[in-house]
Amino acid sequence: MIKISSLTKKFGEKTVFESFEYSFDDRGLYIIIGESGTGKTTLLRMIAGLDKDYRGSILTDVEGSVSFAFQEHRLFPTITALENVLFANFDTKSEAVIQKCENELVSLGLNANDINLLPSELSGGMKQRVSLARAFVSDSDILLLDEPTKELDDANAALVIEKIIKLSETKLVVVVTHDTKPFLKSETFASEGRIAEKIRIIKVG
């Protein structure tokens, strides 16, 4: 669970949050929306502990168990897509761990050749999916995703969204996006018909 109390954040003279209050459950899908410059990414960074220049409090009942997929891919340039996922999460190279990372990448639409390429050999959409796989495969309790479908076509965005929805059944997933429609149109929500119970939308700004 995350509890935000009396959060005030400024950039110079500009106030992006003032006495902001919100509580997140231990698991579930939360989507943060708002106009550009209203503090969506900043809120994720504060939750992750990457930005501590604010007043108020952000309390979580888990220690060091947050995984963050940034808008920027932030991949290590000299190792393969598979190694980027592997080395960011595990200190072992057992066959089982390698297979787990391979499966994660393949589930997001990369093939056996793609996963052995360097980041410079991947398209923007491929890089984004490697970055997401790195976050998805972690054992963290909290998953923070900044514009996770920004560079993806409709088919790959749908793959990612279904994965996010599945993960939100067992952990807290907080997503920043400029467009909620792909989430609301997901096959899972359409088949279950329980969108209001499955997703919470937070508007900032």
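Annotations for the structure displayed:
- Pairs beyond 20 Å (Cα-Cα), from Lys150/Lys181; Lys10/Lys203; Lys163/Lys185; Lys10/Lys40; Lys100/Lys185: Lys100/Lys185
- When +1 charges are put on Lys and Arg Cβ atoms and -1 charges on Asp and Glu Cβ atoms, the dipole computed for the chain relative to its Cα centre reaches about 480 debye.
- Rolling a 1.4 Å probe over the heavy atoms of the protein chains gives the chain an accessible area of 51 Å² per residue.
- Coordinate range of the alpha-carbon atoms in the range 21-129 per principal axis, descending: 47, 31, 25 Å.
- Taking the 1.4 Å solvent-accessible surface of the range 31-148 as the whole, the part contributed by carbon and sulfur is 49%.
- In whole angstrom, the range 80-196 maps to an equivalent ellipsoid with semi-axes of 25, 16, 12, each derived as √(5λ) from the alpha carbon gyration tensor and ordered largest first.
- Share, in percent, of DSSP beta bridges within the chain that are antiparallel, nearest 5: 40
- Three-way shape call for the range 22-67 based on the alpha-carbon gyration tensor, with the a/c threshold at 1.5: oblate
- Model label zone, Lys166; criterion: amide N under 14 Å from point 7 Å along Cα-to-beta-carbon; scope the range 103-122: 103-110
- Comparing Pro77, Leu43, Leu118 along the charge dipole axis of the range 40-150, the residue lying farthest to the positive side is Leu43, per the Cβ-charge model.
- The stretch between Met1 and Ile201 holds 70.3 nm of extra length on full extension. This uses 0.36 nm per residue minus the Cα-Cα distance.
- Pairs of C-alpha atoms in the chain farther apart than 27 Å represent 32 percent of all such pairs.
The values are calculated or read from the model by the stated rules, or taken from the named source; none is laboratory data. Because the structure is predicted, anything quoted here is derived from the model rather than measured. Virtual Cβ from ideal backbone geometry, glycine too; neighbours counted across all protein chains shown. Protein only, heavy atoms only, side chains kept; ligands, DNA and RNA dropped before computing areas. Shrake-Rupley method; radii C 1.70, N 1.55, O 1.52, S 1.80 Å.
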